[in-house]
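What follows is one structure encoded as structure tokens, with my remarks underneath.
The values are calculated or read from the model by the stated rules, or taken from the named source; none is laboratory data. Given the structure is predicted, the values throughout are model-derived calculations rather than measurements. Every residue, glycine as well, gets a Cβ built from its backbone with ideal geometry; the counts of neighbours run over all protein chains shown. Only protein heavy atoms, including side chains, enter the accessible area calculation; ligands, DNA and RNA are left aside. Shrake-Rupley method; radii C 1.70, N 1.55, O 1.52, S 1.80 Å.
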Amino acid sequence: MNPAGTPTALPREQTDLPADVAATPAPNLPVFEAPFALRMADPDGTDPDMLEEWMARPHLLESWEQDWDAARRRENLRTQLAGTYSRPCILSLDFAVIGQPEKGMVDVAYIEFYRAAKDEIGKLYDADPGDVGVHIATAETAVMGKGIMTAWFSLVPAAVFAANPDCRRMMGDPDHRNKAIERTLDKASWQRIGEYDVRPDRRIFLYAVPRTPADLPVPASPRI
């Protein structure tokens, strides 16, 4: 097991960590009221097959670059659940809010809540061991452009802070090409910290929501 807590390191997971960061447990899942619902992804059910189809959709291919088959996704989910770096989730929405009550609750997005200090973004600011980051892949295009995901992102920080008393900041790191999620975070009042080349092939915008004004991250100099 690597120092970050997973049997084998995930692609973004850092392994050369201070002891206090390495010892930090996985983030607790936040709880959301209707019309949203969040559950842990199930590697032994149908989620890997659903995610195989989702990640092959054109609008996710470019920003996520994870057009994996179900077997690889199943292995990835199991690795996340076995460790302390991240927790893979499925977000659902009651389609009554978009005028389709007959559909009930529909799975709409893949979410990862992760420990930012164990991630590559932990080097971009004064990361605290308890900080929690979020990745999102909104698969259901029917919910886009309606303010629904902006409403969800507005709820995320308070829900994460309630579930994780050790969390000082919520962090986001969308790919610079993902203009939709940038607009969503801006509208949801997340604060843009900077723009960074985290790898030769990956540029991101770093966002944050501090628990208190004193918890606003101190960024490294943007490397662009």
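At-a-glance table
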quantity: Contour excess over end-to-end distance, with Cα ends at Glu53 and Asn28 and 0.36 nm allotted per residue; calculated: 6.3 nm
quantity: Mean accessible surface per residue for the stretch 132-224, computed with a 1.4 Å probe while every protein chain stays in place, in Å²; calculated: 45
quantity: Axial C-alpha extent at least 27 Å, average Kyte-Doolittle at least 1.6 - helices from the chain (DSSP); calculated: none
quantity: Amide H partners (placed H, <5 Å) of Asp119, local residues excluded; calculated: Gln14
quantity: Cα gyration tensor shape of the stretch 14-68, rounded if a/c is under 1.5, else prolate or oblate by comparing a/b with b/c; calculated: oblate
quantity: Amide H within-cut-off set for Ala139, under 5 Å, with H built and near neighbours excluded; calculated: Ala109, Tyr110
quantity: Interatomic Cα distance distribution for the stretch 42-107, bins of 10 angstrom, percent; calculated: 20, 40, 32, 8
quantity: Percent of Cα pairs exceeding the 17 Å cut-off, where the set is the stretch 75-119; calculated: 48
quantity: Taking only Cα atoms of the stretch 86-199, radius of gyration then Dmax in Å; calculated: 14.8, 47
quantity: Relative contact order, percent, the chain [alpha-carbon distance under 8 Å, six or more residues apart]; calculated: 18
quantity: Radius, Kirkwood style, for the chain when every pair of distinct Cα atoms is counted (Å); calculated: 17.8
quantity: Overall dimensions of the stretch 102-164 by Cα: Rg and Dmax, Å; calculated: 14.3, 47
quantity: Karplus-derived HN-Hα couplings along the stretch 197-206 (A = 6.51, B = -1.76, C = 1.60, θ = phi - 60°), whole Hz, x at Gly and Pro; calculated: 8, 7, 8, x, 10, 9, 10, 10, 9, 9
quantity: Prolate/oblate/rounded call for the stretch 165-224, Cα gyration tensor, a/c under 1.5 rounded; calculated: oblate
quantity: Eligible aspartates and glutamates near Lys118 by straight Cα distance, threshold 17 Å, same-chain separation 8 or greater; calculated: Glu13, Asp16, Asp20, Asp126, Asp128, Asp131, Asp166, Asp173
quantity: Binned Cα-Cα distances of the stretch 1-129, short to long, each 10 Å bin given as a whole percent; calculated: 12, 36, 35, 14, 3, 0
quantity: FRET efficiency estimate (nearest 0.05) - Cβ-Cβ, Glu75 to Arg177, R0 30 angstrom; calculated: 0.65
quantity: Under Karplus coefficients 6.51, -1.76 and 1.60, residue-wise ³J(HN,Hα) of the stretch 89-106 in Hz, glycine/proline x; calculated: 9, 10, 9, 10, 9, 6, 6, 4, 6, 10, x, 10, x, 5, 7, x, 7, 10
quantity: Separation of the Ala82 and Ala220 label points, Cα + 7 Å toward Cβ, nm; calculated: 3.0
quantity: Theoretical ellipticity at 222 nm over the chain - DSSP helices of four or more residues, -39500 (n - 2.57) apiece, nearest 500; calculated: -7500 deg cm²/dmol
quantity: Surface share of carbon and sulfur [accessible, 1.4 angstrom probe, percent] for the stretch 33-75; calculated: 47
quantity: For the stretch 16-54 and the stretch 118-150, distance of Cα centres in Å; calculated: 12
quantity: Residues with amide H under 5 Å from that of Gly147, placed H, sequence gap 5 or more; calculated: none
quantity: The stretch 141-224, relative contact order in percent, only Cα pairs under 8 angstrom and at least six apart counted; calculated: 30
